[in-house]
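For reference, the structure discussed in these notes is given below.
The values are calculated or read from the model by the stated rules, or taken from the named source; none is laboratory data. Note that the structure is a prediction, hence the values are computed from the model and not measured. We place every Cβ from the backbone using ideal geometry, glycine too, and count neighbours over all the protein chains shown. In case anyone asks, the SASA skips ligands and DNA or RNA and just uses the protein heavy atoms, side chains included. Shrake-Rupley method; radii C 1.70, N 1.55, O 1.52, S 1.80 Å.
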Amino acid sequence: MIERARGAGVRYLLTVSGGSGPDDLASGIPIARRYEWIYTTAGIHPHEAKGAEARHFEMLRKAAAEPKVVAIGEIGLDYFYDHSPREIQKQVLIEQLHIARETKLPVIIHCRDAWGDLTEIISQHWAGSGLGGILHCFTGSREEAFRFLDWDFMISFAGNVTFKKAEDLRDVAREVPLARLLTETDSPYLAPVPNRGKRNEPVFVLDVVRQLAELRGMSFEEMGTLTGQNFLNFLKIK
């Protein structure tokens, strides 16, 4: 899978840690250590917030000191699945925002059906940090995008921007400032057209780039270069 991405011209990857629960909040570090061009994050996903204990927050602080860890995430709120109680999700998000401030790392935010509470928490606990963040796999409205742009966030579009019924999302992608655009796959989910229905993987990010290029009247190569440079700039990767 990694070789397919590299062979297709993907120059950098960010593998997001933590999907299996708090004990795996830094699961991407071994992969990032192995490959010079792969970076990683550390964090407790809102689905797994109910399992978070004090020791996990100390694990997060330790992981944040790793050179290849470039952000805290993905963290946030998910009121669609509600795998963890909402109050616990909020508490765990706030604690991780505090740790991100301590360690001076940006955050990668997951939000599903929770924009009201997320906006309130970011406003109170993060907006003045100067560290910014990434709204990953963005699915919100234009209003939500531009509110977070004011708080130094990047807006990252995934495979769902290619879906037939995603015209509202494409409208937002047409308006986000080019310097604030990122692209991703959210593997193994949301494989973009023409691979919808397959297991998603990093090489399919080329299809997302192709869609964004079309929306912005740019060539595929121009959009690939732009989003790649945005990635390096925002995460301060030399």
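Structure notes:
- Within the range 64-89, the residues that satisfy the criterion of being of a type in the set (Gly, Ala, Ser) and either crowded, with 24+ Cβ neighbours inside 10 Å or over 14 Å from residue 104 (Cα atoms) (or both) are 71, 73, 76, 84.
- Which numbered condition residue 99 fails, given (1) in contact with an Asp or Glu (Cβ under 8 Å, 6 or more places away or on another chain); (2) hydrophobic (A, V, I, L, M, F, W, C); (3) assigned to a helix (DSSP H, G or I): (1)
Conditions tested, residue by residue: (1) under 20 Å from residue 134 (Cα atoms); (2) touching a residue at least 40 places away in the same chain (Cβ under 8 Å); (3) charged (D, E, K, R).
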{"position": "159", "(1), (2), (3)": "yes, yes, no"}
{"position": "193", "(1), (2), (3)": "no, no, no"}
{"position": "209", "(1), (2), (3)": "yes, no, no"}
{"position": "219", "(1), (2), (3)": "no, no, no"}
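- Yes/no for residue 158 being within 20 Å of residue 17 (Cα to Cα), surrounded by 21 or more Cβ atoms within 10 Å (Cβ to Cβ) and touching a Cys at 6+ places or on another chain (Cβ under 8 Å): yes
- Condition met for residue 186 (buried (at least 17 other Cβ atoms within 10 Å of the Cβ), of a type in the set (D, E, K, R), closer than 27 Å to residue 17 by Cβ and in contact with a His (Cβ under 8 Å, 6 or more places away or on another chain)): yes
- The residues of the range 37-51 that are closer than 17 Å to residue 85 by Cβ and either among the β-branched types (Val, Ile, Thr) or surrounded by fewer than 22 Cβ atoms within 10 Å (Cβ to Cβ) (or both), listed by number, are 44, 47, 50, 51.
- Out of 95, 74, one residue alone is over 16 Å from the mean Cα position of the chain (by Cα) and modelled with pLDDT of 95 or more. It is 95.
- In the range 104-128, the residues that are open to solvent by less than 20 Å² (accessible area, probe 1.4 Å), touching a Phe, Trp or Tyr at 6+ places or on another chain (Cβ under 8 Å) and in a strand (DSSP E or B): 107, 109
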